[in-house]
Amino acid sequence: MADQISPLRDTDDAARTLARSVIAAARTAALAVIDPETGGPHVSRIAFGRAADGTCLALLSDLALHTRALRAHPRASLLLGEPEAKGDPLTHPRLTLGVTAWPVTDDLERARLKPIWLALQPKSRLYVDFADFHFFRFEIVYGHLNGGFGRAYALDENDLRIGYLNEIRP
């Protein structure tokens, strides 16, 4: 059997910068979880944001299947990056993040996150205080960046760590 050529390029600073810019620009994400009742995959579109310290966040309702799934199995995946209006959508960068989701249970932390979230997602003012809505933090474990045709990179937590994320502002 012949040696296979890897489709992945060596991760470099340009790839790290592109990945950070995709995270910084993201206002929504596709969230992939495992349905605790069926064991099958489930994907939802969620509002997404990033605090100034680089923390990736979401405000999720307990009524949603994806929230119940995260509470049962906190490992998940996020897909970030939207194609622009023109051009082939597969040429636009997108980033898959392997994450661990942690609910924010501390009232002081929730109070600290609320104005940050509302600055990112002002329309959520309508429901941010509903009893079934809770903040979740996403701890990034790994990333897979597709920067367009022939530009795929594997990124680890060091490539995507919070300190790096502060370099890019949306």
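The values are calculated or read from the model by the stated rules, or taken from the named source; none is laboratory data. Given the structure is predicted, the values throughout are model-derived calculations rather than measurements. Cβ sites come from the backbone with ideal geometry, for glycine too, and all protein chains shown count toward neighbours.
Of all the criteria given as (1) assigned to a loop (DSSP other than H, G, I, E, B); (2) under 24 Å from HIS73 (Cβ atoms); (3) modelled with pLDDT of 95 or more; (4) touching a strand residue (DSSP E or B) at 6+ places or on another chain (Cβ under 9 Å), the one not satisfied by ALA131 is (4). Within the range 1-53, if we keep just the residues that are at pLDDT 85 or above, over 20 Å from LEU155 (Cβ atoms) and acidic (Asp, Glu), the residue that is surrounded by the fewest Cβ atoms within 10 Å (Cβ to Cβ) turns out to be GLU37.
Of all residues in the range 98-118, which are within 13 Å of ARG137 (Cβ to Cβ) and either among the polar types (S, T, N, Q) or not in a helix (DSSP H, G or I) (or both)?
Of the range 98-118, the ones within 13 Å of ARG137 (Cβ to Cβ) are 99-106, 109-110, 112-113, 116-117.
VAL99, THR100, ALA101, TRP102, PRO103, VAL104, THR105, ASP106 - these are the residues of the range 98-118 that are within 13 Å of ARG137 (Cβ to Cβ) and either among the polar types (S, T, N, Q) or not in a helix (DSSP H, G or I) (or both).
Give the residue, chosen from ALA30, ALA101, ALA47, ALA85, that is in contact (Cβ under 8 Å) with a residue 24 or more places away in the chain, out of contact with any helix residue (DSSP H, G or I) (no Cβ under 7 Å at 6 or more places or on another chain) and of a type outside the set (Val, Ile, Thr).
ALA30
Residues in the range 118-136 that are under 19 Å from SER21 (Cα atoms) and surrounded by 15 or more Cβ atoms within 10 Å (Cβ to Cβ): LEU120, GLN121. The single residue among LEU63, LEU90, LEU78, LEU57 that is loosely packed, with under 15 Cβ neighbours inside 10 Å and in contact (Cβ under 8 Å) with a residue 60 or more places away in the chain turns out to be LEU63. The set of residues in the range 1-26 being over 15 Å from LEU97 (Cβ atoms) and basic (Lys, Arg) consists of ARG9 alone.
Filter the range 26-64 for residues that are over 17 Å from ASP132 (Cβ atoms), part of a strand (DSSP E or B) and over 15 Å from the mean Cα position of the chain (by Cα) and give the result. If the condition is that a residue be over 17 Å from ASP132 (Cβ atoms), part of a strand (DSSP E or B) and over 15 Å from the mean Cα position of the chain (by Cα), then ILE34, PRO41, HIS42 are the ones that fit.
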